[in-house]
Amino acid sequence: MRKLTGIGVVAVTSTLLLAGCSAGGTDDGDGGDGGGAEIVIWTDAEREEGITAAAAAFEEETGATVTLVQKNFEDLRPDFIAQVPTGEGPDITVGAHDWLGSLVAAGVVDTIDIGDAAEGFQQVALDAMTYDGQLYALPYSLETIALVQNTALVGEEAPATWDEMIQRGLESGAERPFVINTAGETGDGYTMYGFQTSFGAPVFVQDESGSYTSEIGMAGPEGEAFAQWLHSQGSAGTGYISTTVDYDINNELFNSGAAPFTIQGPWAISAYPDVDVAVNPIPTAGGETAAPFVGVQGFYLSAQSENALLAQEFIVNYLATEEAQRALHEADPRLPALTSLAEEYSSDPLLAGFLASAQNGVPMPSIPEMGLVWEFWNAAEAQIINGADPATTWSQMISDIEGALSE
């Protein structure tokens with residue numbers, strides 16, 4: 001029950017870089033017979049296998065050529081931004097949704113229209129790939145964090161609230177009722193975000209389309225209420241949340257049975273070989289649904305593609321299919337963004353738990369402004385956990401972020 005093979009893990013990619021070519025060629029203009037045309041797709045090693053079958057079918061049915069160029073995942077974004085304007089980039093690249101703001105700002109991605117296929121994808125995945133109300137990429141996978149619990153100590157049933165979780169943790173007889181990574185003294189707003197949103201304090205406000213605005217959502221009484229709660233669980237209160245805990249210490253405490261509950265992602269499950277685990281949505285601390293950040297991966301269309309119609313056809317009619325999405329999942333197992341596959345694979349109880357958490361979640365903001373938030377946000381949380389006045393510290397954090405945004 002504790003096994004979750006590969007799901008959500010960003011594996012180390014091969015350093016092999018296959019010889020590729022530019023996104024050049026002649027667009028026949030009708031998106032149909034692509035004889036003589038070429039589309040170039042950048043991918044990492046994990047996704048290449050999943051794309052291959054769709055590429056072969058596309059070549060057979062259109063007469064076009066699909067060239068897959070393998071790159072290390074960490075090189076995809078900077079190379080895409082650098083090479084698309086020169087005409088040396090691909091027609092399509094795989095990538096993470098939180099690249100979207102920088103890709104739009106650089107003018108290197110185009111919008112896509114997946115039509116009725118959108119109905120088959122989970123809304124949080126579509127929202128993640130949406131910017132200013134426009135869809136820019138086809139999603140295919142999700143990842144998020146959730147409540148992970150030691151079934152031998154606290155059973156499999158999900159606690160609904162923070163207080164219930166703590167009570168069950170205390171009754172388990174473990175050294176501590178709960179443990180969470182704060183990245184030590186650095187602070188970790190990402191891992192803490194589910195609790196923050198349960199107070200109704202999102203980092204940025206989303207508009208009706210699901211796109212993030214630059215309006216800070218964690219100012220005001222809701223954010224201050226979260227700060228007060230965080231203070232009450234830190235060194236000046238219960239001590240259940242501590243800046244002595246980083247990622248590795250968190251995992252050691254949970255795996256040793258010193259704590260029966262933690263908040264972690266699927267990438268950490270392999271660190272718990274001594275524990276039978278259950279995975280559930282994060283319990284609420286503030287009364288509203290705990291909505292952790294969700295990461296989404298998908299396929300972007302180059303703004304400079306010379307075969308844009310063919311590339312769009314490949315995305316919509318070949319990559320958006322259940323067959324292709326299944327191949328991608330089997331090549332690199334992650335939570336599927338396609339609802340039918342997510343439901344199918346939810347027979348795995350651990351995947352089902354992470355999926356339930358993701359369905360409660362919200363996309364991590366992809367807007368450029370998010371890059372200005374982390375340092376102030378993480379530091380303020382660490383200070384509050386260590387006993388700093390919550391109202392003053394939170395208010396100063398908001399002022400610092402607003403100042404950074406206005407520069």
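Residues that are over 23 Å from residue 354 (Cβ atoms) and assigned by TED's automatic domain parsing to the domain that holds residue 170: list the helices (runs of 4 or more DSSP H) wholly contained in segment 189-285 that include at least 1 such residues. Spell out the reasoning first.
Working: elements: 189-197, 220-232, 247-255.
Of the helices (runs of 4 or more DSSP H) lying wholly inside segment 189-285, those with at least 1 residues that are over 23 Å from residue 354 (Cβ atoms) and assigned by TED's automatic domain parsing to the domain that holds residue 170 span 220-232.
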Report whether or not residue 138 is hydrophobic (A, V, I, L, M, F, W, C), in a strand (DSSP E or B) and under 23 Å from residue 87 (Cα atoms). yes
Consider residue 302 carefully, then state whether it is of a type in the set (Ser, Thr, Tyr), over 27 Å from residue 187 (Cα atoms) and surrounded by fewer than 19 Cβ atoms within 10 Å (Cβ to Cβ). no
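Does residue 170 fit the bill of being of a type outside the set (Asp, Glu), out of contact with any helix residue (DSSP H, G or I) (no Cβ under 8 Å at 6 or more places or on another chain) and either more than 27 Å from residue 380 (Cβ to Cβ) or touching a residue at least 40 places away in the same chain (Cβ under 8 Å) (or both)? Working first, answer last.
Details: of a type outside the set (Asp, Glu): yes; out of contact with any helix residue (DSSP H, G or I) (no Cβ under 8 Å at 6 or more places or on another chain): yes; either more than 27 Å from residue 380 (Cβ to Cβ) or touching a residue at least 40 places away in the same chain (Cβ under 8 Å) (or both): yes.
It is true that residue 170 is of a type outside the set (Asp, Glu), out of contact with any helix residue (DSSP H, G or I) (no Cβ under 8 Å at 6 or more places or on another chain) and either more than 27 Å from residue 380 (Cβ to Cβ) or touching a residue at least 40 places away in the same chain (Cβ under 8 Å) (or both).
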Any chance segment 307-320 includes a residue that's touching a residue at least 12 places away in the same chain (Cβ under 8 Å), touching a helix residue (DSSP H, G or I) at 6+ places or on another chain (Cβ under 6 Å) and among the polar types (S, T, N, Q)? no
Filtered residues of segment 208-244 (kept if among the hydroxyl-bearing types (Ser, Thr, Tyr) and at pLDDT below 95): 209, 211, 212, 213, 214
Pick from segment 225-237 the residues that are surrounded by 19 or more Cβ atoms within 10 Å (Cβ to Cβ) and not hydrophobic (A, V, I, L, M, F, W, C): which of them is nearest to residue 406 (Cα to Cα)? 231
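Among 331, 380, 324, which is the only one that is under 29 Å from residue 200 (Cβ atoms) and touching a residue at least 12 places away in the same chain (Cβ under 8 Å)?
On the way: 331 fails: under 29 Å from residue 200 (Cβ atoms); 324 fails: under 29 Å from residue 200 (Cβ atoms).
It is 380.
Sort out which residues of segment 369-402 are assigned to a helix (DSSP H, G or I) and more than 27 Å from the chain's Cα centre (by Cα), and write them in order of number. Explain how you work it out, then say what you get.
First pass over segment 369-402, keeping only residues assigned to a helix (DSSP H, G or I): 369-372, 374-385, 390-402.
Within segment 369-402, 390, 391, 392, 393, 395, 396, 399 qualify.
The values are calculated or read from the model by the stated rules, or taken from the named source; none is laboratory data. Quantities reported herein were computed from a predicted structural model and do not represent experimental measurements. We place every Cβ from the backbone using ideal geometry, glycine too, and count neighbours over all the protein chains shown.
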